[in-house]
Amino acid sequence: METAFGKRLDRVRQASPLVHCISNLVTANDCANIVLAAGASPIMADAPEEVREITALSRALCLSLGTPNPRKADAMFLAGRKAAELGLPVVFDPVGVGASAYRQEIARKLLQDIPLTVLRCNASELQTLSGQSLVSRGVDAGKAPELETLLPLAGRFAAAHHCIVAVTGAEDIVTDGTTAYGIRSGTPLLRQVTGTGCMLSVLAAAFVGANPEAPLEAAAAAVCMMGLCGERAAASLTGGEGTGTLRIRLMDAVSNMTGEELDQGANYELYC
C-alpha cells in the first residue's frame, strides 16, 4: 500500500479549506494559528445562534470537549448535526473525558448522535470512551497501555463507530478498524506544551477537509506531520531555550514543512 502523505499536505495548501473549530478556550489561539500555518483557514465560532451557518460555510468541523459548559455543548451538537446533514467531516477531541461525569455524558451523547470521521485522543481517553473505568488527572494521558493492547482497542472502537481513531502516545496509531498506521515521529517535549493535542485535532480536520476521498491517509498524514514538526522544533532548541520557544518553533516548523519533506521524514509501519 503506497502512501503519499506529502500529497495530502499539498492539497491542504491548494484548497485552503475553512475549518470550523469549536475549540478549547485554553488553546483556541494556537489552534487557529496552526491551521493557518498548515495552509488552511480557521473560524472559531461557538455561539449556538450561529454555528449551523458557520458549519455550512466550512469544509470540516472540529469539536473539542475541553472547557465544557452547557452553551458550548449545545453549539457542538447543533454544528455536528449540520455537518452530518451536509456530509462534512467531523473530528472529535474528547479532552480529559475521564475527568468528570459531565464530560463523559456529553461525549456519550455526541457519539450516539453525530457521525464522526476522526476521533483524535490519547490512550486514557480512548479507554474511557471504550468503557474501561479509569481515573484521569485531567487532560494528561498518564501511563499508556502497550501497543499490543492499544491497537486492537482502537480498531474495535473504529469499527463500532465507523470512524477513524487517531491515538497519540509514544507510538501513534491511526486506524479505521481494518488498516492501521503505527507512526513513530515526535518528541516527549510536546507533552510539556499545553494544547499540542488540540492543535493536532484541528490539523487533522484541515487534512480530512482537503482530502475527503482519503480520510484515513489524511489523518495519518496530519499525525505524522505534527510529530515531525515536533522533532524539528525540539532539535532547534539551544542552551537556555525551553518549552516557550518550542511552542513557537513548532508553529514555524508546520508553516515551513513541504510535502516532499513530509514524505521523506515519514516513519511509520502499516498493520493490516
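Averaged per residue, what accessible area in Å² does the range 229-272 show with a 1.4 Å probe, protein chains only? Don't skip to the answer; put the middle values down first.
Numbers: 2380 Å² over 44 residues.
Using a 1.4 Å probe on heavy atoms only, each residue of the range 229-272 averages 54 Å².
So how far, in whole Å, is the C-alpha centre of the range 110-124 from the one of the range 1-33?
18 Å
For a quick check: with amide H placed at 1.01 Å from N, whose amide H comes under 5 Å from Ser41's, ignoring anything fewer than 5 positions away on the same chain?
Leu18, Val19
Compare Ser16, Ser58 by solvent-accessible area with a 1.4 Å probe and give them largest first, with all protein chains kept in place.
Numbers: Ser16 45, Ser58 10 Å².
In descending accessible area the options line up as Ser16, Ser58.
If you plug each phi of the range 70-80 into the Karplus form 6.51 cos²θ - 1.76 cosθ + 1.60 with θ = phi - 60°, what whole-Hz ³J(HN,Hα) values come out, in order, with x for Gly and Pro?
Working through the residues one at a time gives x, 5, 5, 4, 4, 4, 4, 5, 4, 5, x Hz.
Please compute the length gained on full extension between Thr238 and Asn69, using 0.36 nm multiplied by the number of residues separating them and subtracting their Cα-Cα distance.
Details: separation 169, 0.36 × 169 = 60.84 nm, distance 4.07 nm.
Roughly 56.8 nm would be gained on extension.
To the nearest Å, what is the center-to-center distance of the range 34-80 and the range 198-272, using C-alpha atoms only?
Spelled out, the Cα-based centre of one part sits 22 Å from the other.
Mind telling me which of Asp176, Asp46, Asp113 comes out most flexible in a GNM of the chain, alpha-carbon contacts under 10 Å?
Of Asp176, Asp46, Asp113, the most mobile in the Gaussian network model is Asp113.
Considering only Pro115, Ala99, Pro48, whose Cα is most displaced toward the positive end of the charge dipole of the range 1-117, charges sitting on Cβ of Lys, Arg (+1) and Asp, Glu (-1)?
Pro115
Net charge within 14 Å of Leu86 by Cβ-Cβ distance, Lys/Arg positive one each and Asp/Glu negative one each, not counting Leu86 itself? Each step should come with its number before you reach the end.
Values: positive: Arg52, Arg59, Arg81, Lys82; negative: Glu53, Glu85.
Its environment carries a net charge of +2.
How would Leu88, Leu250 line up by accessible area, probe 1.4 Å, largest first? Don't jump to the answer; show the numbers that get you there.
Numbers: Leu88 35, Leu250 5 Å².
Solvent-accessible surface, decreasing: Leu88, Leu250.
Anyone know which of Val193, Val51, Val95 comes out most mobile in the 10 Å Cα GNM of the chain?
Comparing Val193, Val51, Val95 in the GNM, the peak value goes to Val193.
How large is ³J(HN,Hα) for each residue in the range 186-200, as worked out from phi by the Karplus curve 6.51 cos²θ - 1.76 cosθ + 1.60 (θ = phi - 60°), to whole Hz, x for Gly and Pro?
x, 8, x, 4, 4, 6, 9, 10, 4, x, 5, x, 4, 4, 5
Take the chain, connect every pair of alpha-carbon atoms lying under 10 Å apart with a spring to form a Gaussian network, then pick out the residue of Gly244, Gly209, Gly182 with the largest mean-square fluctuation.
Largest GNM mean-square fluctuation: Gly244.
Spin-label point model (7 Å from Cα, Cβ direction): what's the Thr245 to Lys7 distance in nm?
The two pseudo-label positions are separated by 3.9 nm.
The values are calculated or read from the model by the stated rules, or taken from the named source; none is laboratory data. Every value quoted in this text rests on a predicted model; they were computed, and no experiment measured them. Cβ sites come from the backbone with ideal geometry, for glycine too, and all protein chains shown count toward neighbours. The accessibility values were calculated without ligands, DNA or RNA, using every heavy atom of the protein model including side chains. Shrake-Rupley method; radii C 1.70, N 1.55, O 1.52, S 1.80 Å.
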